[in-house]
């Protein structure tokens, strides 16, 4: 779980700080070539994606409410019981989440500063 979160935080950091790289990836995976549209989508999402994706009680309550419409047991559920941010807190405590403030090297265990994500993207691009 911690490795997944490290990679996710790394991806968010790259998304927010490397727009040219991000736009290339968005174009490839979405099959959209309109740069204006890609930039608009990038800016829209960049402003809305949190640096650290803590679980949202409001979002979880919306899920519980929706499930509660068809299941009486779900309607009685406490949304707080479904939220667990201990892994993110653990990363923050260990200061491995410094990517959130600009030090990406701290996020990837070997200090590769996003190299694993770039290699994965390049492999995907070659196989398409």
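FYI, it's all coordinate maths here, none of it is from the lab. Being a predicted model, the structure only gives us computed values, none of them experimental. Here Cβ is always computed from backbone atoms with ideal geometry, including for glycine, and neighbour counts include all displayed protein chains.
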> Which length gain, in nm to one decimal place, applies between residue 32 and residue 93 when the Cα-Cα distance is subtracted from 0.36 nm times their residue separation?
Replying inline: 18.0 nm
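Could you work out how much longer the chain between residue 78 and residue 65 gets when fully extended? Use 0.36 nm per residue separation minus the Cα distance between them, nm to one decimal. Spell out each step's value before the answer.
Working: separation 13, 0.36 × 13 = 4.68 nm, distance 1.01 nm.
Using 0.36 nm per residue and subtracting the Cα-Cα distance, I get 3.7 nm.
Rule-of-thumb check for the range 1-89: C-alpha Rg over 2.2 N^0.38 Å?
Numbers: Rg = 17.3 Å, N = 89, 2.2 N^0.38 = 12.1 Å.
Its radius of gyration relative to the 2.2 N^0.38 Å reference: 1.43.
Fewest to most neighbouring Cβ within 10 Å: what's the order for 90, 70? Provide the component values of the computation, followed by the final result.
Details: 90 14, 70 8.
Listing 90, 70 from fewest to most nearby Cβ atoms yields 70, 90.
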>> Considering only C-alpha atoms, what is the centroid distance from the range 55-75 to the range 1-21, in Å?
In response: 29 Å
> For labels at residue 40 and residue 54 in the simple 7 Å Cα→Cβ model, what's the distance in nm?
Replying inline: 3.4 nm
> How would you rank 9, 23, going from fewest to most other Cβ atoms within 10 Å of each one's own Cβ?
Replying inline: 23, 9
